[in-house]
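Colleague: Pasting a structure below so you can have a look.
The values are calculated or read from the model by the stated rules, or taken from the named source; none is laboratory data. Computed from a predicted model, the values in this text were never measured in an experiment. Cβ: placed from backbone, ideal geometry, glycine included. Neighbour counts: every protein chain shown. Accessible surface areas use protein heavy atoms only, side chains included; no ligands, DNA or RNA. Shrake-Rupley method; radii C 1.70, N 1.55, O 1.52, S 1.80 Å.
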Amino acid sequence: MELTSNAPAGPIEKSWETHKFGLKLVNPANKRKHKIIVVGSGLAGGAAAASLGELGYNVHCFCFQDSPRRAHSIAAQGGINAAKNYHNDGDSVYRLFYDTVKGGDFRSREANVYRLAQVSVNIIDQCVAQGVPFAREYGGLLDNRSFGGAQVSRTFYARGQTGQQLLLGAYQALERQIGLGAVKMYPRTEMLDVIVSDGKARGIVTRSLTDGKVDVHFGDAVVLATGGYGNVYYLSTNAKGCNATAIWRAYKRGALLANPCYTQIHPTCIPVAGDYQSKLTLMSESLRNDGRIWVPQQPGDKRNPASIPEGERDYYLERRYPSFGNLVPRDIASRAAKAECDAGHGVGPTGLGVYLDFSDAIKRLGKHKIAERYGNLFEMYDRITGENPYEVPMRIYPAIHYTMGGLWVDYNLMSTIPGLFVLGEANFSDHGANRLGASALMQGLADGYFIIPYTIGNYLANTKSETYSEDAPAAKDAVANVTAITQKLLNANGKRTVDSYHRELGKIVWEYCGMARNAAGLKKAIGMIDELREDFWKNVRVLGANEEFNQSLEKAGRVADFFELGELMCLDALNRNESCGGHFREEYQTPEGEALRDDANFSYVAAWGFQGQGRPPSLTKEPLAFNYVKPSQRSYK
Amino acid sequence: MKLTLHVWRQKNAQDRGRMFRYEVPGVNEHMSFLEMLDVLNERLIEKGEDPIAFDHDCREGICGMCGMMINGKAHGGFKGTTVCQLHMRHFKDGDELYLEPWRAAAFPVIKDLAVNRSSFDRIIAAGGFISVPTGSAPDGNAIPVRKLDADLAMDAAACIGCGACVAACPNSAAALFVGAKISHLAHLPQGQPERDRRALAMIRQMNREGFANCSNIGECEAACPKEIKLEVIAQSNADYIKAAFTERPETAIGGAG
Ligand SMILES: Cc1cc2nc3c(=O)[nH]c(=O)nc-3n(C[C@H](O)[C@H](O)[C@H](O)COP(=O)(O)OP(=O)(O)OC[C@H]3O[C@@H](n4cnc5c(N)ncnc54)[C@H](O)[C@@H]3O)c2cc1C
Ligand code: SF4
Ligand code: FES
């Protein structure tokens with residue numbers, strides 16, 4: 001298979017404009033006749049469903065929570081980037097583009113990133129108009145803060161609840177369309193398969209989470225906006241329900257999955273406390289604007305932080321990266337924390353933690369200002385740990401947070417299955433091997449509000465609508481597949497709980513395909529996952545029936561997919577004999593311990609294709625060209 | 001520590017439901033309340049008993065999915081805390097706890113502690129928005145917003161739609177939830193054109209959903225994990241009354257040319 005990105009040639013500043021003009025339009029009178037299925041109601045799916053409904057399409061939108069307002073986007077804290085240059089500090093579309101390509105360690109597609117930077121400015125306008133209460137200055141204008149990997153202030157925020165407010169904006173726009181009858185919403189409904197007929201995506205199969213009913217939904221196009229797969233690690237900052245099932249089942253129907261090993265470890269999370277732990281909590285990156293990260297110089301120093309004098313502290317990020325200091329990108333900050341802890345400088349009961357200290361900022365700005373900026377984060381930290389960060393430094397440690405990999409899409413956000421579009425964190429586009437802070441919200445909304453409404457029209461205008469009945473072979477096959485998986489899980493009737501398997505899988509993936517990877521470990525992990533998966537299908541215990549609200553059954557299906565995905569992540573990591581961004585192969589590093597890319601051999605997107613259960617997947621490469629930002633060894637010194 | 005739980009078990013909406021008693025030894029003070037329930041559920045599954053169903057997702061106090069009554073208090077009754085953010089250090093060995101779902105006619109039980117809150121979505125669909133088609137917005141800084149107004153809007157916009165206010169209210173009113181959205185949008189210049197319509201539509205939908213009227217008892221404010229203030233109810237009542245008085249049938253049928 002050849003992968004064509006369909007990114008337009010010619011000057012990059014004009015690409016999107018030119019491309020849009022070349023896209024076919026659907027006559028307004030015909031839009032209602034086209035049914036579009038949107039799976040997911042987060043920033044990407046919610047924005048898409050609302051915008052497509054507004055345009056006049058017949059939209060059916062699905063989510064597994066009880067309301068579209070609860071999609072995981074709600075949890076984003078820090079902010080959203082936009083190249084508004086409201087602060088006259090030298091920002092521009094080109095600089096945001098440049099920072100994002102560099103931040104992604106030269107593993108993303110330039111044309112996509114440029115478009116993202118371009119539409120970023122429209123996103124802010126749209127959200128303000130919807131009533132998103134962004135932070136303001138006394139003059140009434142929008143306020144900004146800085147995020148890692150950037151030297152300008154371009155991050156817009158709504159206290160520590162930016163994702164919540166952006167999602168509520170999209171949710172309200174979506175509810176408006178629901179009220180008008182343009183969108184039909186299916187909450188508590190999980191998509192479990194894609195219907196592919198004549199090579200095109202023609203619908204989905206769903207299971208109602210309240211009564212287990214399996215249904216077929218046909219559509220002229222299917223949009224997946226189902227979020228990231230970070231929960232493969234079990235412990236992550238993702239919500240408990242986040243899963244890979246939608247993209248994994250699409251992969252098994254022929255969509256290529258790109259760069260699964262590109263996962264992001266966020267440097268500032270609350271450290272693990274015990275083995276009952278069900279998830280990890282992020283402390284927003286924005287805290288690094290004012291907090292200083294340090295460890296005791298003396299390994300094993302168990303004194304309380306206040307009694308460690310200034311001269312015996314190591315502000316290691318400020319020391320190693322003087323020009324970016326505490327604001328280096330996430331991958332770098334995470335590895336540096338791991339290195340300090342591995343060398344015995346770690347703090348807290350487990351030794352897996354570093355300090356994030358606000359005492360200087362409180363002295364400089366006053367407690368009031370710090371509370372205004374981060375009040376809710378400080379409270380959250382206090383609630384979880386029982387410690388007050390206004391008085392003692394926070395303890396933080398890296399945790400899995402975001403997945404850059406996802407279904408491969410072209411410039412139109414269409415996967416390798418025609419008619420199957422993928423938006424937001426579920427696709428692989430835009431962030432390369434490492435995502436910069438505050439750019440996932442930007443991407444989700446860009447995809448949903450400003451890109452899919454154009455590109456899907458082009459597909460629909462070029463494709464004949466067809467009517468199907470539930471007896472169509474592709475639909476029957478998909479239903480049979482879904483039913484068989486459910487039955488197999490219920491019939492295993494073994495001894496171990498789903499969660500116990502998930503936990504064990506997560507430990508393997510974290511250990512061997514987490515912050516640092518090497519060939520021997522990855523091979524070992526693949527064997528371990530294989531073995532555990534086999535045991536899972538024989539020995540898992542899922543009680544109850546399909547025809548009821550059955551949370552163990554929901555989880556079991558998701559964990560079954562995580563097993564297979566985890567293995568593919570290891571395979572991808574093993575194939576990529578270089579270090580880049582979040583993918584750090586210990587064999588490939590500079591003498592200073594920084595990631596060492598191999599542009600001659602690995603400047604490509606690795607897109608994997610399903611070849612049947614138990615058979616090795618195919619690898620297709622999309623070569624990457626850098627005509628604007630010249631690949632260099634990233635330096636934040 | 002060791003706890004005794006009395007948990008409402010109800011197989012589905014049709015089932016009558018009743019309390020069951022569970023002993024939970026080995027609870028660690030650093031666990032969250034939901035992690036304690038996870039531990040109990042793991043033990044139940046190992047014994048071949050149906051685990052307790054409860055809704056949750058983010059476990060960070062922001063998605064609004066979790067919620068239950070603990071000893072008659074919504075989310076357990078700790079200031080500014082959802083049940084997913086509640087930690088076991090607030091309890092002590094030997095405590096006896098009664099766990100029940102939100103009880104309100106407009107929130108039918110799905111199973112055990114999980115309820116259906118779709119009525120909230122329908123209230124938002126009726127008018128809890130600003131109509132702004134994608135791509136039609138002016139520049140974000142075109143209309144300055146007084147910082148105080150932006151802050152007050154944000155205070156109200158912090159509502160997570162959990163339903164604790166309804167569960168805590170002796171009348172099962174949804175006035176705090178509805179007021180929070182009306183107040184959020186009423187504080188912003190962008191929210192003005194639809195201000196009257198919004199108040200009328202949302203409050204009428206609230207009544208249609210079977211939420212009773214607010215009689216200013218104030219239990220909702222005490223129960224709200226996001227500390228939404230009663231003043232949002234005052235604001236939405238004022239908006240509603242004004243809108244009801246000035247309501248006119250729509251004019252100008254059709255348009256030019
Ligand atoms: C704690 C945290 C903080 C973050 N902070 C920031 C930040 O400050 N700035 C930033 O830019 N990014 C941040 N991110 C990243 C960002 O929030 C996410 O990448 C982004 O919100 C993902 O949006 P989405 O629309 O792609 O997916 P989601 O919001 O995850 O939505 C997924 C949707 O798909 C649905 N779904 C999934 N599977 C199925 C299925 N099988 N069937 C039916 N429905 C399904 C879900 O119900 C949901 O509606 C943060 C992430 C986390 C975890
Ligand atoms: S007002 Fe408070 S209690 Fe009511 S739904 Fe909103 S957050 Fe929950
Ligand atoms: S689980 Fe999201 S608020 Fe409690």
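Colleague: Roughly how many nanometres apart are two label points built 7 Å out from the Cα toward the Cβ at A:F21 and A:N491?
Modeller: That separation, rounded to one decimal, is 6.0 nm.
Colleague: Also, quick follow-up: Tell me the angle of helix A:452-462 to the major Cα principal axis of chain A, expressed in degrees between 0 and 90 and rounded to the nearest ten.
Modeller: That helix lies at roughly 20 degrees to the long axis.
Colleague: What is the Cα centroid distance between the range A:604-634 and the range A:270-340, reported in whole angstrom?
Modeller: Going from one Cα centre to the other spans 33 Å.
Colleague: To continue, here is another question. Using Cα pairs closer than 8 Å and at least 6 residues apart in sequence, work out the relative contact order for chain B, in percent.
Modeller: Relative contact order, chain B: 19 percent.
Colleague: For A:A625 and A:E387, compute 0.36 nm times the residue count separating them, minus their Cα-Cα distance, and round to one decimal in nm.
Modeller: Residue separation times 0.36 nm, minus the Cα-Cα distance, leaves 80.8 nm.
Colleague: Between chains B and A, what is the buried accessible area summed over both chains (1.4 Å probe, protein heavy atoms, nearest 100 Å²)?
Modeller: 6100 Å²
Colleague: Give A:K523/A:K621; B:K2/B:K73; B:K111/B:K229 a once-over and call out the pairs whose C-alpha atoms are over 25 Å from each other.
Modeller: Listed pairs above 25 Å: B:K111/B:K229.
Colleague: Figure the gain on full extension for B:R16 and B:E96 (residue separation times 0.36 nm, minus the Cα-Cα span) and round it to one decimal in nm.
Modeller: 26.5 nm
Colleague: Helix-only estimate, please: 222 nm mean residue ellipticity of chain A, summing -39500 (n - 2.57) across DSSP H runs of length 4 or more and dividing by its residues, to the nearest 500.
Modeller: Result for chain A, helices only: -11500 deg cm²/dmol.
Colleague: Once every DSSP H run of n ≥ 4 in chain B is given -39500 (n - 2.57) and the sum is divided by its residues, what mean residue ellipticity at 222 nm do you get, rounded to the nearest 500 deg cm²/dmol?
Modeller: -10000 deg cm²/dmol
Colleague: Solvent-accessible area per residue for the protein assembly as shown at a 1.4 Å probe radius, Å²?
Modeller: That works out to 35 Å² per residue.
Colleague: Can you tell me the orientation of helix A:473-492 relative to chain A, as the angle in degrees between its alpha-carbon axis and the longest Cα principal axis, to the nearest 10?
Modeller: Result, in degrees: 50.
Colleague: In terms of modelled amide H atoms, which long-range or inter-chain residues lie less than 5 Å from the amide H of B:K111?
Modeller: For B:K111, no residues qualify.
Colleague: Assign one of three labels to chain B, namely rounded, prolate or oblate, based on the Cα gyration tensor with a ≥ b ≥ c the square roots of its eigenvalues; rounded applies when a/c is under 1.5, prolate when it is not and a/b is larger than b/c, and oblate otherwise.
Modeller: Prolate shape, in that a/c is at least 1.5 and a/b is the bigger ratio.
Colleague: Between A:E466 and A:E504, 0.36 nm times their residue separation minus their Cα-Cα distance comes to what?
Modeller: Gain in length upon complete extension: 9.1 nm.
Colleague: Ok, one more. Obtain the nm distance between the two label points defined at B:E23 and A:K369 by a simple spin-label model: each point lies 7 Å from its Cα along the Cα-to-C-beta direction.
Modeller: Here the answer is 5.8 nm between the modelled labels.
Colleague: Mind listing the long-range amide H neighbours of B:R9? Cut-off is under 5 Å, sequence gap 5 or more, other chains count too, H placed in the peptide plane at 1.01 Å from N.
Modeller: Distant-sequence amide H within range of B:R9: B:R18, B:M19, B:F20.
Colleague: To continue, here is another question. For the range B:124-234, which whole percent of the accessible surface, found with a 1.4 angstrom probe, sits on carbon and sulfur atoms?
Modeller: Exposed carbon and sulfur together represent 52 percent of the surface.
Colleague: What are the residues of the range A:43-76 that lose 30 Å² or more of accessible area, with a 1.4 Å probe, going from their chain alone to all protein chains?
Modeller: Correct list: A:E54, A:D66, A:R69, A:R70, A:I74, A:A75.
Colleague: Let me ask another. Name the residues whose placed amide hydrogens come within less than 5 Å of the amide hydrogen of A:C269, ignoring near sequence neighbours (fewer than 5 apart) on the same chain.
Modeller: Amide H to amide H, under 5 Å and 5 or more residues apart or across chains, A:C269 pairs with A:M283, A:Y397, A:A399.
Colleague: Compute the acute angle (0 to 90°) between the alpha-carbon long axis of helix A:498-513 and the principal axis of greatest extent of the alpha-carbon atoms of chain A; round to the nearest 10°.
Modeller: Long axis of A:498-513 versus the principal axis of chain A: about 60 degrees.
Colleague: Next up: Just in the range A:424-505: which trypsin sites (Lys or Arg not before Pro) are loop by DSSP and have at most 11 other Cβ atoms within 10 Å?
Modeller: Counting only loop positions with at most 11 other Cβ atoms within 10 Å, the trypsin sites (Lys or Arg not before Pro) in the range A:424-505 are A:K464.
Colleague: If contacts are Cα pairs under 8 angstrom and at least 6 residues apart, what is the relative contact order of chain A in percent?
Modeller: Answer for chain A is 20 percent.
Colleague: Which of A:M442, B:I123, A:C570 sits farthest toward the positive end of the charge dipole of the protein assembly as shown, with +1 on the Cβ of Lys and Arg and -1 on the Cβ of Asp and Glu?
Modeller: B:I123
Colleague: In chain A, carbon and sulfur make up what percent of the accessible area (probe 1.4 Å)?
Modeller: Carbon plus sulfur share of accessible area: 51 percent.
Colleague: How would you classify the range A:466-520 from its alpha-carbon gyration tensor, with a ≥ b ≥ c the square roots of the eigenvalues: rounded for a/c under 1.5, else prolate if a/b is greater than b/c, otherwise oblate?
Modeller: It is oblate, given that a/c is not under 1.5 and a/b is not larger than b/c.
Colleague: May I pose another question? For an R0 of 22 angstrom, estimate the FRET efficiency from the Cβ-Cβ distance between A:Y138 and B:I143 and round to the nearest 0.05.
Modeller: 0.90
Colleague: Here's another thing I want to ask about it. So for each of A:384-397, A:412-425, A:592-605 I average, over its residues, the number of other beta carbons within 10 Å; can you give me the resulting order with the highest mean first?
Modeller: In descending order of packing, they fall as A:412-425, A:384-397, A:592-605.
Colleague: Which ³J(HN,Hα) values in Hz, rounded to whole numbers, follow from the phi angles of the range B:106-121 under the Karplus curve 6.51 cos²θ - 1.76 cosθ + 1.60, where θ = phi - 60° and Gly and Pro get x?
Modeller: 7, 10, x, 6, 8, 6, 6, 9, 8, 10, 9, 10, 4, 4, 4, 4
Colleague: For the range A:604-613, what does the Karplus curve 6.51 cos²θ - 1.76 cosθ + 1.60, with θ = phi - 60°, yield as ³J(HN,Hα) per residue in whole Hz, taken in order and with x for Gly and Pro?
Modeller: 8, 8, 9, 10, 9, x, 6, 10, x, 4
Colleague: Oh, and also: Determine the distance separating the Cα centre of the range A:219-261 from the Cα centre of the range B:175-193; give it in Å without decimals.
Modeller: So the separation of the two Cα centres works out to 36 Å.
Colleague: Follow-up question, since we're still on this one. If you find the alpha carbon centre of the range A:509-579 and of the range A:1-48, how far apart are they in angstrom?
Modeller: Answer, in whole Å: 34.
Colleague: In percent, how large is the relative contact order of the range A:473-604, given Cα pairs closer than 8 Å and 6 or more residues apart?
Modeller: Worked out over the range A:473-604, it gives 29 percent.
Colleague: Return the average number of partner chain Cβ atoms within 10 angstrom of each residue Cβ along peptide A:153-163.
Modeller: Rounded to a whole number, the mean comes out at 2.
Colleague: Step through the residues of the range B:152-158 one at a time and calculate ³J(HN,Hα) from phi using the Karplus curve (6.51 cos²θ - 1.76 cosθ + 1.60, θ = phi - 60°), rounding each to whole Hz and writing x for Gly and Pro.
Modeller: Values per residue, Gly and Pro as x: 5, 4, 5, 3, 6, 5, 6 Hz.
Colleague: Follow-up. Quick check: pseudo-label points 7 Å beyond the Cα along Cα→Cβ at A:D89 and B:N213, how many nm apart are they?
Modeller: 5.3 nm
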